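The values are calculated or read from the model by the stated rules, or taken from the named source; none is laboratory data. Treat the numbers as computed from the prediction; the structure is a model and nothing was measured. With ideal geometry, Cβ positions are generated from the backbone for all residues, glycine too; neighbour counts draw on all protein chains shown. When the accessible area is computed, the model is the full protein with side chains, heavy atoms only, and any ligands, DNA or RNA have been set aside. Shrake-Rupley method; radii C 1.70, N 1.55, O 1.52, S 1.80 Å.
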Amino acid sequence: MTNLPERDFKNPRAEHGFKGRTCSIAAVGSYVPSKVLTNADLEKMVDTTDDWITSRTGIKARRIAAADEFTSDMATKAAQLALERAQLEASQIDLIIVATITPDMPFPSTACLVQQKLGAYRAAAFDIEAACSGFIFALEIGQQFIMSRTYDTILVIGAEKLSSIINWKDRNTCVLFGDGAGAAILQNRPDSHGLLTACMGSDGNKADLLCLPGGGCRMPPTPDSLAAGNHYLRMDGKETFKNAVNAMCSAATEALRRCEVDITQIKCIIPHQANLRIIDAVSDRLGAKPEQRFINLDRYGNTSAASVAIALDEAVQAGRIQRGDLVLLVVFGAGLTWGAAVIEW
Ligand code: ACO
């Protein structure tokens, strides 16, 4: 089902980057809101049980942002941590890319709001939208700017306040999602190979499987559209599940092929944290061992574009990823969109 392009891809490790230039992740950071919404809490809100949610998804809890805490606030906190760890000032950032489906507002971009909050006055800033795949899409865009020597320091963020687009009366969706943000700083670092490859794919034929129908120019907010619940996320869970497994396997296989890496060489797999059964199916098909995977969906649920960004940060802080290790990120989301990236840490 995937349409990943077959292309002649030179092994960047053999070539030592593109003409000596690499795109490394200098530091990562993440932030999740303090409010915890457990499965027991949800049992009081909709007709569900801890047992159903845990056995069908692996999720036990999720974080929910405060009413006055927005995507740009969470993104800024994650970015500040990454900057501190990279020992960089906000004024050194050349470009800010925020991946999100829950921007503070349709425009200006959340990236511009983050720029203002950080005081990153030199940076250009824009958002991208690839749903749960957004962080890898943003990494790939950032890599192109580093490799082309357009920019030297790029802040890439995945951030979401999904609680703002969830119908809290719909048990099919409200148990799955949470809020949070993760950030990474990309730089050319001659001592590291960094991002070896990132591949992306999309299938707009399946746009209806997972969408938020209202709020755009097709269906502006009106009392009728609000009453019909058109401004909440909608999902065909079963079909999304099947497509997720296929696309994540294809993307991961393609990314590994492009940089001539075998799954056994991967120290840590960071999959999109949507559903433990999806992660199990994908890792089984790839021939990965359970201990290769990093999982935090039990604590945060699906945070869409923030998902792999938060998990990457937590894996690094937990010591699961050390310098020189190979890391595989693999994602899937609305669009449909999917992608994978291999990083030498
Ligand atoms: N509690 C109790 N019962 C529930 C709940 C709930 N929270 N939710 C659904 N059910 C019921 C359904 O109504 C259905 O009942 P019925 O048979 O009487 O109609 C039954 O449970 C089974 O529902 P299924 O849809 O078959 O359950 P499934 O095993 O497919 O799990 C789930 C549903 C968890 C949503 C799964 O399909 C899934 O994870 N899909 C993928 C989601 C995903 O990966 N999203 C990624 C992208 S997200 C993004 O881009 C923003």
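Listed by first and then second residue, the pairs linking a residue in segment 82-93 that is closer than 19 Å to A159 by Cβ to a residue that is open to solvent by less than 30 Å² (accessible area, probe 1.4 Å) and of a type in the set (D, E), with Cβ atoms under 7 Å apart and 6 or more places separating them unless they lie on different chains, form an empty list.
Once segment 33-66 is narrowed to residues that are in a strand (DSSP E or B) and without any contact (Cβ under 8 Å) to a residue 60 or more places away in the chain, the residue that is most open to solvent (accessible area, probe 1.4 Å) is K35. Pairs meeting the criteria (first residue in segment 104-132 and over 24 Å from N302 (Cβ atoms) and acidic (D, E), second residue open to solvent by 40 Å² or more (accessible area, probe 1.4 Å) and outside any loop (DSSP other than H, G, I, E, B), beta carbons under 6 Å, at least 6 apart or on different chains) are lacking.
Among the residues making up segment 27-60, a single one is away from the ligand (no atom under 16 Å from the Cβ) and either of a type in the set (D, E, K, R) or at pLDDT below 95 (or both): K35.
Here is a yes/no grid of residues against (1) open to solvent by less than 10 Å² (accessible area, probe 1.4 Å); (2) within 11 Å of the ligand (Cβ to nearest atom):
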{"residue": "T303", "(1), (2)": "yes, yes"}
{"residue": "V308", "(1), (2)": "yes, no"}
{"residue": "D313", "(1), (2)": "yes, no"}
{"residue": "V316", "(1), (2)": "no, no"}
{"residue": "R320", "(1), (2)": "no, no"}
{"residue": "L329", "(1), (2)": "yes, no"}
{"residue": "L336", "(1), (2)": "yes, yes"}
{"residue": "G339", "(1), (2)": "yes, no"}
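Which of the residues belonging to segment 158-174 are assigned to a helix (DSSP H, G or I) and either more than 12 Å from the ligand (Cβ to nearest atom) or not assigned by TED's automatic domain parsing to the domain that holds T110 (or both)? Break it down stepwise before answering.
So the first thing to find is which residues in segment 158-174 are assigned to a helix (DSSP H, G or I), and the list is 162-165, 171-174.
If the condition is that a residue be assigned to a helix (DSSP H, G or I) and either more than 12 Å from the ligand (Cβ to nearest atom) or not assigned by TED's automatic domain parsing to the domain that holds T110 (or both), then S163, S164 are the ones that fit.
Total residues in segment 178-215 satisfying the condition of being in a strand (DSSP E or B) and either open to solvent by less than 10 Å² (accessible area, probe 1.4 Å) or more than 17 Å from G237 (Cα to Cα) (or both): the figure is 18.
So, in segment 103-127, of the ones that are aliphatic (A, V, I, L, M) and part of a helix (DSSP H, G or I), which residue ends up surrounded by the most Cβ atoms within 10 Å (Cβ to Cβ)? Lay out the reasoning, then the answer.
First pass over segment 103-127, keeping only residues aliphatic (A, V, I, L, M): 105, 111, 113-114, 118, 120, 123-125.
Retained after the next criterion (residues that are part of a helix (DSSP H, G or I)): 111, 113-114, 118.
Details: A111: 28, L113: 23, V114: 33, L118: 21.
It comes out as V114.
Counting the residues of segment 269-324 that are over 16 Å from the mean Cα position of the chain (by Cα) and among the hydroxyl-bearing types (S, T, Y) gives 1.
For segment 87-102, filtering for residues that are surrounded by 20 or more Cβ atoms within 10 Å (Cβ to Cβ) and touching a strand residue (DSSP E or B) at 6+ places or on another chain (Cβ under 6 Å) leaves 8. Residue count for segment 245-273 under the criterion of being within 16 Å of the ligand (Cβ to nearest atom), in a helix (DSSP H, G or I) and either open to solvent by 80 Å² or more (accessible area, probe 1.4 Å) or within 23 Å of L195 (Cα to Cα) (or both): the result is 6.
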